[in-house]
Structures are given as structure tokens and as C-alpha cells.
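Trainee: What follows is a single structure, and I will ask about it in a moment.
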Amino acid sequence: MRGPQRPGPSTDGSPPLELTAFVGRSAELAELAEAMETARLVTVTGVGGVGKSRLAARAAARSAPRAWARVELAPVQDPQFVEYAVVEALGLTDHTTRLPRQTLLDRLAGRRFLLVLDGFEHLVAACADLVSELLRRLPELRVLAVGRRPLGLTGERLFPLAPLAEDEAVELFTDRARQHGPEPDDCPVVRELCRRLEGIPLALELAAGRLRALSPAQLLERLDDRFRLLTGGGRDALPRHQALRTAIGWSHELCAPAERLLWARLSVFAQTFDLEAAEYVCSGDGLDAEDVLDVLTELLAQSVLSREETPAGPRYRMLDTVRAYGGDWLEAAGDAVRLRRRHRDWYLGLATWCELEWFSARQREVAARVEVELPNLRTALEFCLTEPDEAHLGQYLAGSLWFCWAGCGRLSEGRRWLERSVELDSEYEQSRLKALWVLGYVAILQGDTVPALAALRECRVQAERVSDGTAVAYAEHRTGCLALVTDDMARAETLLRSALGRYQEIGELNSNVLMAQVELAMARAFQGDLADAVRLCEDVRRVCEDHGERWARSYALYVLAYAAWRDGDPAGARELLADCLDNAHTFHDLLGSVLSLELLALVTAAQGDPAEAAVLQGAAGRMWPSVGLPLFGSAYYNAPHELCEATARQALGDERYEECVRAGAGLDGDAAVARALGGGGVRPLEAPPSSSSRGEPQPAPRGPVSHALGDAGKREPAASPTRKGGETAG
């Protein structure tokens, strides 16, 4: 069963899933489509609540065959994280030290692509800088920006979006009113109400949400009373931005006290939230936790909130304009810092729970939960790292999210948070030590050995100074992992055995500990003891199955698959690798995915299909730049790759081999995994009949390859879970 997948670019022409009907705007859609054909940067501008986002999403969906992705920037507060948000929205995973901008340039090169940047107005400088370079260096890229102001770039075509015309405003109001009671007649009162609300869709939806309690005439009377108050008794039109704020304020006034209180408190959430979070964060001081659901239901009925389904269950969303209004009330009440601290406390608790549950049968549930909670986790991290005397909590939170950074493919973002956190002074040494070893671990996974070693050395020295045995064990483990990927097998074995002993002494058992055992197995295998490696990994497999753990288990299966291939059982090896690859891909684990592909190529060659083996090598070759140095630059890790290449070249000839490799390099990650797992459809390339293309793989040539595989043809497993096995922690 495939687990949660990170959102990626849309490739079909269907509009995004909408819970309410899209009303009107046919003329605007046609005009926007024309603008997008003639200009590479189009910016849809307009007041809040006028419908910019939905129009842009519709227009993007009609841009087929050009693939597109929407980036929601409203939750991003730090301009430095704009590029991370774009990479995330495009579903790109990169484990290297490259900046996310370089990842975008590399991965979008040559692609016809539409990038939709929504809600950028508080990040204009950062967005303008990014868009300018992307458009300059990616000629096939087009950008559709959505905000309340232009980006201010040369060549930008502005598309100001006006409110709905009267007939469309009436149609929208009537459509939304049906959700709350009998459909109102298209009468002068309804038309006047739509005129007074300036045809602004958000204002119309908020007004329609009141029809359960008030008639259209009563709505108009109350709205007119408020407008007369604001215009000094006359019926002069207000500026549109003021008209919307007036409509939101009027809706706010019609709320019961508990509804107004919850509205203000919910403004601390970023993007979406669930009921449990709302009950914890927003209860107390006038609102009991058991009453939150009823009050929240009222806000839903009044269109202050919307409800949506996610892989992590039902969640609630407040539009940015409505959230900002609630935030103003929270600040005015002097309660903002207290609520942000409660928000931080909830997400600290969530991260702690997720870290513990990562080592359980709920691992995939944890991955899905973290996926949807990232905006709130980032908000909590930002609060900790900018609020006085909160640094230790930021260090703890950044360290506790190791499974998110390493296990779910967010190394680059995690490293930024970790580096920021360890730079801060903290009186809580234990929290900083955790952030340090996780930082070292993440740097190892990125192939950045010097900073990794510096962080781990500092962690160990400080841990020994304060007698923190847990931090000493983790620092020693990660240093052993570093020795393993740099081919220092004797040192790796010494450090990993010592770390495992320390883990046992302190009673530590989690995915990280199991990964240390898998890494030790690889060190043993590289030194010629394959039987011991199998014994260690079978033990890991049993523990994982007892606890329902799947991520560390997949690396143990990887080693066992190599052993099966060595024992002349390629079918058994393929079955183990299919499980390994499926799990790695589910968790966005690029290292696990690419190592599995490399070994699958070797197994495929052993099963007599050198052409397909070369295709898989090509697919793996495309993935390595996003992981780091191919096969870590290690003779041990590189040996199976070289053996597979030698076998395939001998069977196919150089020209045919290179043709197959190029075909594999044309597959993206999803397509490569689908093909490797047997779901890729008919293969475009088949091996020509040849006596050498059937049977066992040819013996490895002498030299570095045979040295790495062992003497006398005794080939050892040459790829290990380390770096993503190293990508564990606890």
C-alpha cells in the first residue's frame, strides 16, 4: 500500500478540487489565458477576497499541456524560505548542499512549466529576485503571480482583477445562500446587498453565511447601518479594500462573544489546523475546550472557516484576510504572545509524539501528519528562535524533527533550522547537544563531511563535559557513519560497536539504533564477513517487524537482497528490493531509492536482461545529483555498479549500452520507481538476442572492483543504508 505522497506539479487540464462552485469570470479567464500566452510573467492583482487565487488556479489548470504547480506563500514569514516553499510545492527532493534555487534551475531546465506564486505581497523582494533569475535562465518557464501588488519586474504584465459584475455577484450570493437555507429570490434587496458589498466574493460569502438567522432585508439593513456610521451618515461608497474590511468587521460583530474569541485565537495557526490543536491552543479564559467544536462549527456555517480533507484527516482553514482581521483583535486584546506560546507548546508536543511514533507501525501516519503540519511547525520554530529565552525550545524542536529532515527528504531545510538553532546561546545544554548531532547527521547525508565532523566533535566534547551519555552515543554513532561512507571500515566498525554498546547501556531503542546495526553490518560485509552482516540485518528485520517499523527495515532488506543475489537467488533479491524501493519512495528517501535502483540493475543483469539493467543504471544516474556524490565516491559502494556496467556492456556493446542508459536518464523519479517495480508499462528498449545476455553475470574485472567485492570472486554487499541509514536518528 503506497503511503502519503508529496504534492507535485499538476500535469492534466483539470481544475483543482473545489468544495464550492466557481461562479462567473468567463471573460476574465479568457483574458488571463491570452495574457499568459503573450507574457512570461503575469501578475494578478486586486484587493483581498476578490477571488484572485481561484481565478489563477483555474487559468493554470487550463494551461495544459504545460505542467504547473501552485506555491502558497502566505504561511511563509522568513524571506529566506521562499525558495524552500517552491521546491516543496513542486515535489522536488534534494539531499545535497545545493541551494534550493539551484535545484529549481536544474530540475526545471528545458521543461515547459507554469509556476503559480500565490500570496507573495509580504515577500516581494525575495520573490522578485527568485522570479527574475528563474525567468532569465529558464526560457520555457512562465510565472503566474497572485498578490495585492506587482512584483515590479521588467516585462511583468499586470492583470488587475475587478470585483464581480452585479449579475455574477447575485449568482454567487444565491449559490452560497443555498448552503444555509432556502434560496433567496433575485429581488431588488438581494441586488442592493450585492452592490453594497461591492461584488467582492469573500464579502458575499460571509453575508450568505448569515442567512440562517437573518433575511436578505435584515442583512441589508444591518450592513447599511454600519456603512452609514463609517461614512458619516451618508450612503457614499467606501474604497473597496475598506468595503471588504467593513464586511468582515460587520460579520465579526454579528458573531457571538465566544465566536469572536475563537476567531481571534485561531489566527495564530498557519494555513490549516485540526480540531485537537484548536481545542488545546484556543481554550481557556472564557472558552472551555469542550465548547470549541460547537463554536468552530458556527464559524464554519458563517464561512469564516472552511473544512478540507487531507491524508492526515479533516482540517480547517481560515482565509488570509479573515485571519489577519482576527490577528488584529488578538493583538488589541494583548493576548497574542500567550496564544503563540500555546501554539508553540502544542507543536512541540506534536513533534515529540511524532518522534516517538516514528519507531512504530504508525510511521507512515507520522509522515502524513508532518506533511500537513509543516507550516505550523515552521511557525513554532520561528517563534522559538526569535523570542527571548526560547532558544532551547527551538533547539529541541529542530532536533526532534530529525525524522522530518532525514526520513522525509527535507535535509536542506532542516539544516537551515539546525544551524540557526545551534548558533543561539542556551542554558539547556541537552537541547543544544541534540541539535548538534542531528546537524552533523544531516551534513553527512548531504555529503558535507567537514562541517559534519566539526558538529559531531563539538557535540561529543560538550556531551562528555556535562556527562550526557545519550548525546555521546549519538555523536559516536554518526562519526562511525561518516567513517563508513569514507571507506574507513576499521574505524567505522570500532565506533559503531561502541555506539551500539552505549545505546544498550542507556536502554535506547529506535530507528536510529537499528540503523547503527545495519551500518555495522555493512562495515562487516566490506571487510569480508557477509555471514555476520546477514545475521545483524536479520536481527534488525525481526525487531522492525515486532514494532511495525518500515523505514529502517527497508535498509536491512537491502543488505539481505544483496546477500540473496550473492547466493544465486536473484528472484528473492528482487522481491526484497521491491519492498525496499517502495518504502524508500514513499518516505521521499532519495538515498534508499537510488541504492535500491542500483542493486536492482545488478539483479536484472543477473536475470538475463542487460538492456533493462542499463536503463535502471541510467535512472539511478539521474537521481544521484540530487543525493550527493554518486555512490559516495567509495570503492566499496561503487563495486556493484561497476560489475553491472561491465556485464551489460559486454552483453550489449558500448553503443547499445549507452543508448539504454540515456533512456533511463529520461525517466523522472516516479517513472523510474514505477518501472523498477514492474508498473512502467511496455519497455521501449529490449536486449538483442545474445548468448551472453542470459545466465549469470560475468566475473568482475580485476582491479578496484574485485578489491571492493572481495578476493577469490567472493563479492561483498557494496551499498549500504548508511547515509540514509545514517538518515535515522532518535
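Trainee: Of the residues 157, 137, which is in contact (Cβ under 8 Å) with a residue 60 or more places away in the chain, out of contact with any Gly (no Cβ under 8 Å at 6 or more places or on another chain) and open to solvent by 30 Å² or more (accessible area, probe 1.4 Å)?
Mentor: 157
Conditions (1) open to solvent by less than 40 Å² (accessible area, probe 1.4 Å); (2) free of Cβ contacts under 8 Å to residues at least 12 places away in the same chain; (3) within 21 Å of residue 213 (Cα to Cα); (4) of a type in the set (Asp, Glu), marked per residue:
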{"position": "281", "(1), (2), (3), (4)": "yes, no, no, no"}
{"position": "284", "(1), (2), (3), (4)": "yes, yes, no, no"}
{"position": "293", "(1), (2), (3), (4)": "no, no, yes, no"}
{"position": "298", "(1), (2), (3), (4)": "no, no, yes, yes"}
{"position": "301", "(1), (2), (3), (4)": "yes, no, yes, no"}
{"position": "304", "(1), (2), (3), (4)": "yes, no, yes, no"}
{"position": "308", "(1), (2), (3), (4)": "no, no, no, yes"}
{"position": "311", "(1), (2), (3), (4)": "no, no, no, no"}
{"position": "317", "(1), (2), (3), (4)": "no, no, no, no"}
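Trainee: Still on this structure, please answer the following. Could you give every pair whose Cβ atoms fall below 7 Å, whose first residue belongs to the stretch 613-627 and is in contact (Cβ under 8 Å) with a residue 12 or more places away in the chain, and whose second residue is among the aromatic types (Phe, Trp, Tyr) and surrounded by fewer than 24 Cβ atoms within 10 Å (Cβ to Cβ), counting only separations of at least 6 or pairs across chains?
Mentor: Every condition considered, the pairs that remain are 614/657.
Trainee: With the checklist (1) free of Cβ contacts under 8 Å to residues at least 24 places away in the same chain; (2) in a helix (DSSP H, G or I) in hand, flag the one item residue 334 doesn't pass.
Mentor: Of (1) free of Cβ contacts under 8 Å to residues at least 24 places away in the same chain; (2) in a helix (DSSP H, G or I), only one is false for residue 334: (2).
Trainee: While we're on this one: Only one of these conditions is not met by residue 35: (1) assigned to a helix (DSSP H, G or I); (2) among the hydrophobic types (A, V, I, L, M, F, W, C); (3) buried (at least 23 other Cβ atoms within 10 Å of the Cβ). Which number is it?
Mentor: Looking at each condition in turn, residue 35 falls short on (3).
Trainee: Within the stretch 264-279, how many residues are open to solvent by 10 Å² or more (accessible area, probe 1.4 Å), of a type outside the set (A, V, I, L, M) and modelled with pLDDT of 95 or more?
Mentor: 4
Trainee: Identify the residue in the stretch 511-544 that is among the polar types (S, T, N, Q) and open to solvent by 20 Å² or more (accessible area, probe 1.4 Å) and, among all such residues, is farthest from residue 356 (Cα to Cα).
Mentor: 527
Residue-wise test of (1) within 28 Å of the chain's Cα centre (by Cα); (2) modelled with pLDDT of 50 or more; (3) surrounded by 13 or more Cβ atoms within 10 Å (Cβ to Cβ).
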{"position": "652", "(1), (2), (3)": "no, yes, yes"}
{"position": "655", "(1), (2), (3)": "no, yes, no"}
{"position": "658", "(1), (2), (3)": "no, yes, yes"}
{"position": "661", "(1), (2), (3)": "no, yes, yes"}
{"position": "677", "(1), (2), (3)": "yes, yes, yes"}
{"position": "683", "(1), (2), (3)": "no, no, yes"}
{"position": "694", "(1), (2), (3)": "no, no, yes"}
{"position": "704", "(1), (2), (3)": "no, no, yes"}
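Trainee: So, in the stretch 451-468, how many residues would count as being surrounded by fewer than 23 Cβ atoms within 10 Å (Cβ to Cβ) and closer than 21 Å to residue 591 by Cβ?
Mentor: Total satisfying the criteria: 2.
Trainee: I've got another one for you. Mind listing whichever residues of the stretch 140-154 are part of a strand (DSSP E or B) and either β-branched (Val, Ile, Thr) or open to solvent by 40 Å² or more (accessible area, probe 1.4 Å) (or both)?
Mentor: Selection gives 142, 143, 146.
Trainee: Take residue 499 and decide whether it is at pLDDT 95 or above, within 17 Å of residue 430 (Cβ to Cβ) and surrounded by 24 or more Cβ atoms within 10 Å (Cβ to Cβ).
Mentor: So residue 499 fails the test.
Trainee: Could you grab me the full set of residues in the stretch 47-73 that are in contact with a strand residue (DSSP E or B) (Cβ under 9 Å, 6 or more places away or on another chain), open to solvent by less than 20 Å² (accessible area, probe 1.4 Å) and among the small types (Gly, Ala, Ser)?
Mentor: Across the stretch 47-73, the qualifying residues are 56, 57, 59, 60, 61, 67, 69.
Trainee: Here's something else I'd like to know. Could you check residue 430 against (1) in contact (Cβ under 8 Å) with a residue 40 or more places away in the chain; (2) open to solvent by less than 50 Å² (accessible area, probe 1.4 Å) and say which number it fails?
Mentor: For residue 430, the failing item is (2).
Trainee: Please work out which one of (1) of a type outside the set (Lys, Arg); (2) modelled with pLDDT of 95 or more; (3) open to solvent by 10 Å² or more (accessible area, probe 1.4 Å) is the condition residue 448 fails and give its number.
Mentor: Condition not satisfied by residue 448: (2).
Trainee: Kindly list the number of the only condition in (1) assigned to a helix (DSSP H, G or I); (2) under 29 Å from residue 552 (Cα atoms); (3) open to solvent by less than 50 Å² (accessible area, probe 1.4 Å) that fails for residue 346.
Mentor: Exception for residue 346: condition (3).
Trainee: Restricting to the stretch 550-563, give me the number of residues that are part of a helix (DSSP H, G or I) and either modelled with pLDDT under 90 or open to solvent by 20 Å² or more (accessible area, probe 1.4 Å) (or both).
Mentor: Going through the stretch 550-563 one residue at a time, the tally reaches 3.
Trainee: Here's something else I'd like to know. Among the helices (runs of 4 or more DSSP H) lying completely within the stretch 201-255, list those that include at least 2 residues that are at pLDDT 75 or above, open to solvent by 30 Å² or more (accessible area, probe 1.4 Å) and more than 16 Å from residue 299 (Cα to Cα).
Mentor: The qualifying helices (runs of 4 or more DSSP H) are 216-230.
Trainee: Would you point out which residue out of 483, 492, 471, 475 is over 22 Å from residue 591 (Cα atoms) and either of a type outside the set (Ser, Thr, Tyr) or without any contact (Cβ under 8 Å) to a residue 12 or more places away in the chain (or both)?
Mentor: None of the other options fit; the residue is 471.
Trainee: Please go through the stretch 518-553 and pick out each residue that is over 35 Å from the mean Cα position of the chain (by Cα) and of a type in the set (A, V, I, L, M, F, W, C).
Mentor: Matches in the stretch 518-553: 530, 531.
Trainee: Among (1) in a loop (DSSP other than H, G, I, E, B); (2) under 19 Å from the mean Cα position of the chain (by Cα), there is one condition residue 315 misses while meeting the rest; what is its number?
Mentor: Answer for residue 315: the failing condition is (1).
Trainee: Further question on the same structure: If I go through the stretch 74-96 residue by residue, how many of them are closer than 16 Å to residue 148 by Cβ and touching a strand residue (DSSP E or B) at 6+ places or on another chain (Cβ under 7 Å)?
Mentor: Looking only at that region, the number is 0.
Trainee: Could you look through the stretch 85-99, keep only residues that are at pLDDT 90 or above and in contact with a helix residue (DSSP H, G or I) (Cβ under 7 Å, 6 or more places away or on another chain), and pick out the one that is most open to solvent (accessible area, probe 1.4 Å)?
Mentor: 87
Trainee: Limited to the stretch 607-631, what total is found for residues that are assigned to a helix (DSSP H, G or I) and surrounded by fewer than 22 Cβ atoms within 10 Å (Cβ to Cβ)?
Mentor: Adding up the residues that qualify gives 6.
Trainee: Taking only pairs six or more apart or across chains, which ones have beta-carbon atoms under 9 Å, a first residue in the stretch 88-99 that is in contact (Cβ under 8 Å) with a residue 60 or more places away in the chain, and a second residue that is among the aromatic types (Phe, Trp, Tyr)?
Mentor: Short answer, once both residue conditions are applied: 90/113.
The values are calculated or read from the model by the stated rules, or taken from the named source; none is laboratory data. Fair warning: this is a prediction, and the values are worked out from it, not measured in the lab. All Cβ positions, glycine included, derive from the backbone under ideal geometry; neighbour counts span all protein chains shown. These area figures cover heavy atoms from the full protein model, side chains too; ligands, DNA and RNA do not enter into them. Shrake-Rupley method; radii C 1.70, N 1.55, O 1.52, S 1.80 Å.
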